[in-house]
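Input: a single structure, listed below in C-alpha cells.
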Amino acid sequence: MAGAQQLTDGRRRSRSPRLLLRLDETRRILDGAHARLMTVPSALDVSPAGDWLLDNYHVVQEQTREVRASLPRGYYRELPELASGTLAGYPRVYEVAILLISHSEGRLDAENIGRVLAAAQEITPLSIGELWAIPAMLRLGLIENIRRMTLRTVHRLDELAAADAWVERILAADDASPELLRETLGEFVAAPPPLSAIFVSRLLRQLRHTRGAFPPLARLEAWIADHALHSDDADTQATQRLALTQQMMANSITSLRAIARLDWRALVERHSAMDAVLRRDPTGDYARMTFATRDRYRHEVERIAKRTRREEPEVAAMAIALAKGHAERGDQRRGHVGYGLVDAGWPALQQATGYRPGPREAVHRWVCRHPTTVFGGGLLVGSALAILSLLWFAGPAARPAWLAVGLLGLLPAIDIAVHALNQLVTTFLPPRILPKLDFREHGIPEVCRTAVVIPVLFGSVAAVEEALENLEVQFLANREQHLHFALLSDFTDAGAERVAGDDAIVTAAVAGMRALNTRHAPETRDAFVLLHRQRRWNAQQGVWMGWE
C-alpha cells in the first residue's frame, strides 16, 4: 500500500473535507437507525449487532464528537492527500487506518497499530501531523464500520418484515380458498421479491412453523431452491451473516473504547521519524526532557519543514548538525538541539534551511529581540495618547491650564498605559514554554543537583524545632539522591546585634541539622544544610535585622 500511494501537490488539493462531510452523514444515518431500532416490534429480532448498537450508542456519539474536536477543518486540509486509487482525495493516513481495520476485522490494539505504522514508514515516513491524526482516522474508519453494520442490521429488519408480510398473505390465501392460494403463489413466482438468504430463511421457517408440511409449501421451497438457494443453505448463510455482523459491530465498538485508552503520546513519539533524529541530540538532553518540551521542538521542525517544503527528518538532521558543531567546540549549552530550534541559535538554522518567516512571524521575532524598546516605547505612546485624550476632553477653554492638567493626569495616564500594554502583550504575544527536564523515571542526575531552600525566622528554640520537623517532612516526601534541603534562617529584629537566647537558637539549629544528616544521609552528610545570617544594622528602620 505505501509503495503504491501517490500524493497530490498543494495546488490540486480537494477543497471539501470529504471525511468530515461523510461523518456528518454517518451521524444522521446512525441517529435514524437508532430511533428505528428503539421502536422495533417484539415479533422482530433487532439482532445481536442491533443490541450492541443500542447498548453502546453513547460510545459512538462520544467518539464522533471526539473526531470533530481533534480534527478541525484547518488541520484536516494540511494532511497529505492521495492522488489516485479508490480513496483519491482522502488523507493518506486514512488509507493506513482503513487497511488496518479491514485486515483485523475491526479489532485494534497498540500492537497491531504499531506494526502497521512501522511497516508503512519503511517506504515513506509519515509527518508528525499525520501521526497525531491516526487516532481520528482510526475512529473514522471504525465509525464507518459501524455505519455499514448498522445499515446491514436495518436492511435485515426490512427483509424480515417483507418475509412476514408474504407469510401473512400466503396463510390468509390458504385459509380463504385453494384458488386464492394458487393466485398468491403465482404472483410470488411471477414477480418474486429479492430472494436473499435472510428473506428465504425467514419465509420458509415461518411457513413451516405455522402450517407444518403441506403441498404448496413443498412446491414453493422447490421453486426457491431452483431459482435462488436451498433452504438449508439459506439458513446457513443467514446465520453466518448475522454472526459476522455481530462480530464486526462488537469489534468496532470495543476498539473505539480501546483507542480512547491508548497512550498516543508514547505511540506517536515511538513511530516519529523526526523524533528519532532529534533524539541524537549531542548533549542527550532531548530524550530527558518533558513531553511538552519535546513537542514544542517537534512543532518548530514541522513548521520549518512546511515553509521550506523539506521533509521533517531532514530539517531535524540540520538542527542536529548545527548542535554537533557547537558541541565539538566544547560549548555544551549551544550543543543542545534546542538552542537552534527555540533559542538564539535560530538564525543559523534559518539560514541552513532557507526558511523565510512571514510578516507576522518577523514582527513577533523583532518584538522578542527588543522587549525594552517595545515596552518602553509602548508606555510612552500610551501615556501620551492618554494625556492628549484628557486635554481633548478639557477643550480649548482649558488651554491656559493645559500644563497643570497634563501634570495632574501624568500618573493616571501611565497607569492606563501600563494596563493597556500588558493586555496587548498577553493577547497578541503567545507565551513561550520554558524547556524543562523530566526526572520522574531516573531521578535527578548529579549534573542537575539542586536544593530546596526554605526561608525562616528563628525567634526561639521552639521555632527551630518546628522548622527542622517541617524540613524532615519535605525530605521524606521527596527522596532524591541529588536533592538537598536547606534552611535560610534569620534572627528576629532586635535593638542590638546579639540578644539573650541567640546562642541557644544557633546551637539547637546546628545540632538538629547534624542529627538529620546522621539519620538520613550518614555517608555524604550533605542532604541538609543550615544557612544562618547574623543581624546587621538597618539605619533606615533603626533596628538590627537579617539583611536581604
Would you give the gap between the C-alpha center of the range 398-468 and the C-alpha center of the range 115-155, rounded to a whole Å? 47 Å
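Given a 1.4 angstrom probe, what's the average accessible area per residue across the chain, in square angstrom?
For the chain, the per-residue accessible area is 56 Å².
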Whole-percent pair-distance distribution, where bins are 5 Å wide, for the alpha carbons of the range 148-221: 3, 15, 26, 26, 15, 7, 5, 2, 0
Using semi-axes √(5λ) of the Cα gyration tensor in Å as the read-out, say which of (i) 71, 39, 19; (ii) 62, 37, 20; (iii) 73, 34, 29 was calculated from these coordinates. (iii)
Using DSSP, restrict attention to beta bridges with both residues in the chain and report what percent are antiparallel, rounded to the nearest 5. 35 percent
SASA check, E480, accessible area w/ 1.4 Å probe, all protein chains in place, rounded to nearest 10 Å², comes out at 70 Å²
May I ask for the angle, rounded to the nearest 10°, between helix 197-211 and the longest principal axis of the chain, with both axes built from Cα atoms and the value confined to 0 to 90°? 50 degrees
So for the pair D233, D331, with labels modelled 7 Å out along Cα→Cβ, what separation do we get in nm? 8.0 nm
So, with a 1.4 angstrom probe, what is the percent of accessible area on the chain that is carbon and sulfur? 57 percent
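The values are calculated or read from the model by the stated rules, or taken from the named source; none is laboratory data. These numbers come from a predicted model, not from an experiment. Here Cβ is always computed from backbone atoms with ideal geometry, including for glycine, and neighbour counts include all displayed protein chains. We work out accessible area using only protein heavy atoms, side chains counted, and drop any ligands, DNA or RNA first. Shrake-Rupley method; radii C 1.70, N 1.55, O 1.52, S 1.80 Å.
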